[in-house]
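The values are calculated or read from the model by the stated rules, or taken from the named source; none is laboratory data. The model shown is predicted, which means the values in this text are computed figures rather than measured ones. All Cβ positions, glycine included, derive from the backbone under ideal geometry; neighbour counts span all protein chains shown. Accessible surface areas use protein heavy atoms only, side chains included; no ligands, DNA or RNA. Shrake-Rupley method; radii C 1.70, N 1.55, O 1.52, S 1.80 Å.
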Amino acid sequence: MKKKTALKIFIPIVSFVLVVAVVAISVLSCLFFNRFSRGTVPTSAQVQALWDNNRVYDHVVIFGVDGAGGYFGEMETPGFDSVFKNSYMDASVTYTAMSQFPTESGYNWTSMIHGVWCGKHKIDNETALTEKYTDTKYPSLFKIYAERHPEAYMASVADWPAINYGIIEDLPQINKTDAGDYVSDGFASSWVDGEKLVDAAVAELAINEIKNNDPKILFTHFDCVDAAGHCYGTGKPEYIDAMNYVDNLIGKIFDACKEVGWDKNTLFICISDHGHKYSGGHGNNQAVVRNVTFAVAGAKGNIIPGTPKYVVTQDMAAVVFYALGEVQPSCWDGSVPKNMFKDL
């Protein structure tokens with residue numbers, strides 16, 4: 001009887017300790033593996049200097065490439081190079097910026113757009129797919145800009161519907177378009193080919209925004225590289241083919257910008273949320289998964305050509321606001337990376 005009584009007491013205690021340990025390890029892992037922003041939060045005076053020196057951009061165009069990691073630095077990329085290695089724009093490019101951990105899309109796209117690390121916003125893939133973003137503590141760059149400029153027009157064209165549904169708030173100033181709605185079902189022979197069709201629609205819709213609607217901020221999201229990473233793994237022929245496909249679309253969007261004269265007054269950003277393992281998939285802390293592309297280019301003369309330092313994905317919102325001559329809100333914990341802009 002004594003043994004049975006002892007077991008009844010002992011088993012719940014052990015179970016409780018194990019649960020606490022698992023939760024503690026999970027929390028500590030997030031804290032340990034996430035690198036916090038180490039750049040500069042521009043002061044009001046530094047932002048005003050941009051206006052005084054004619055270094056504020058009229059537009060920001062963001063190329064978001066899901067699953068690309070730092071692979072733009074591993075291959076020939078004529079589309080990417082037409083933006084970030086051309087003769088009349090300066091560019092700051094790194095292929096080793098750090099993703100959020102866990103290396104999941106929801107955590108990273110939310111951090112980029114809301115300017116905080118994932119431990120604050122806690123938006124994973126499932127949450128982004130099923131719940132509208134309504135948290136007022138960490139508003140997105142779109143919401144803050146819209147509050148300051150009610151007349152503004154912005155656009156988000158995405159392959160992954162979760163971005164427009166559960167990451168970017170519903171606002172009258174932003175046109176959110178899910179590119180999959182413009183692609184007929186039944187024509188793709190594989191997941192990757194299906195995502196290519198949607199990505200082609202992303203580019204077409206983005207070009208329409210540029211030519212007809214003049215958005216202040218244009219966000220685009222491509223997903224076929226992520227599909228190839230899941231199915232085949234990074235660096236495999238199918239993965240490289242998907243990278244080439246998106247690279248070509250980036251070039252087409254940039255050509256449209258040149259057609260309407262945006263190339264001289266736009267800050268261009270290319271960013272990825274995570275990479276993929278060689279065997280396929282992501283979520284862990286391997287360098288090939290954590291390292292991501294973060295590139296900016298512009299023709300205003302204030303970008304330091306070369307490689308920025310200590311870049312994390314939540315810095316994107318701060319870069320967008322600095323480029324547009326805006327003081328970032330105090331609730332963000334991203335910052336403008338070191339060695340990216342001459343005036344900081």
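Please specify each residue of region 165-177 satisfying the condition of being touching a helix residue (DSSP H, G or I) at 6+ places or on another chain (Cβ under 6 Å) and either of a type in the set (Phe, Trp, Tyr) or farther than 23 Å from residue 151 by Cα (or both).
166, the sole residue that qualifies.
If you check residue 251 against the conditions, is it open to solvent by less than 30 Å² (accessible area, probe 1.4 Å) and touching a His at 6+ places or on another chain (Cβ under 7 Å)? Outline the logic, then answer.
Working: open to solvent by less than 30 Å² (accessible area, probe 1.4 Å): yes; touching a His at 6+ places or on another chain (Cβ under 7 Å): no.
Here the answer is no, as residue 251 does not meet what is asked.
Which one of 275, 280 is in a loop (DSSP other than H, G, I, E, B), farther than 15 Å from residue 99 by Cβ and in contact with a helix residue (DSSP H, G or I) (Cβ under 6 Å, 6 or more places away or on another chain)?
Details: 275 fails: farther than 15 Å from residue 99 by Cβ.
Matching residue, one of 275, 280: 280.
Look through 263, 241, 247, 255 and report the one residue that is assigned to a loop (DSSP other than H, G, I, E, B) and of a type in the set (D, E, K, R).
Sole residue among the options that is assigned to a loop (DSSP other than H, G, I, E, B) and of a type in the set (D, E, K, R): 263.
For region 58-70, give me each residue that is farther than 17 Å from residue 219 by Cβ and open to solvent by 40 Å² or more (accessible area, probe 1.4 Å).
Within region 58-70, none qualify.
Report yes if some residue within region 222-243 is at positive phi and touching a strand residue (DSSP E or B) at 6+ places or on another chain (Cβ under 9 Å); otherwise report no. Break it down stepwise before answering.
Initially, region 222-243 is screened for residues at positive phi, giving 233, 235.
Now drop any that are not touching a strand residue (DSSP E or B) at 6+ places or on another chain (Cβ under 9 Å), which leaves none.
Looking through region 222-243, none of the residues is at positive phi and touching a strand residue (DSSP E or B) at 6+ places or on another chain (Cβ under 9 Å).
For region 33-57, name all the residues that are at pLDDT 95 or above and surrounded by 15 or more Cβ atoms within 10 Å (Cβ to Cβ). Outline the logic, then answer.
Our first condition is that a residue be at pLDDT 95 or above; within region 33-57, this holds for 39-57.
Matches in region 33-57: 39, 40, 41, 42, 46, 47, 49, 50, 55, 56, 57.
Could you list all residues from region 78-96 that are out of contact with any Gly (no Cβ under 9 Å at 6 or more places or on another chain) and open to solvent by less than 50 Å² (accessible area, probe 1.4 Å)?
Our first condition is that a residue be out of contact with any Gly (no Cβ under 9 Å at 6 or more places or on another chain); within region 78-96, this holds for 84-88.
Residues satisfying the conditions are 84, 86.
Keeping to region 78-121, report how many residues are more than 23 Å from residue 286 (Cβ to Cβ), within 16 Å of the chain's Cα centre (by Cα) and assigned to a loop (DSSP other than H, G, I, E, B).
Total satisfying the criteria: 2.
Go through region 129-168 and give me each residue that's of a type in the set (S, T, N, Q) and touching a Lys or Arg at 6+ places or on another chain (Cβ under 8 Å). Spell out the reasoning first.
Filtering region 129-168 down to residues of a type in the set (S, T, N, Q) leaves 130, 134, 136, 140, 156, 164.
Across region 129-168, the qualifying residues are 156, 164.
Counting only residues that are among the hydroxyl-bearing types (Ser, Thr, Tyr), surrounded by fewer than 19 Cβ atoms within 10 Å (Cβ to Cβ) and touching a residue at least 60 places away in the same chain (Cβ under 8 Å), how many does region 155-214 have?
0
Among the listed residues 273, 263, which satisfies the condition of being under 22 Å from residue 320 (Cβ atoms) and buried (at least 24 other Cβ atoms within 10 Å of the Cβ)? Give the steps one after another, and end with the answer.
Details: 263 fails: buried (at least 24 other Cβ atoms within 10 Å of the Cβ).
The unique qualifying residue is 273.
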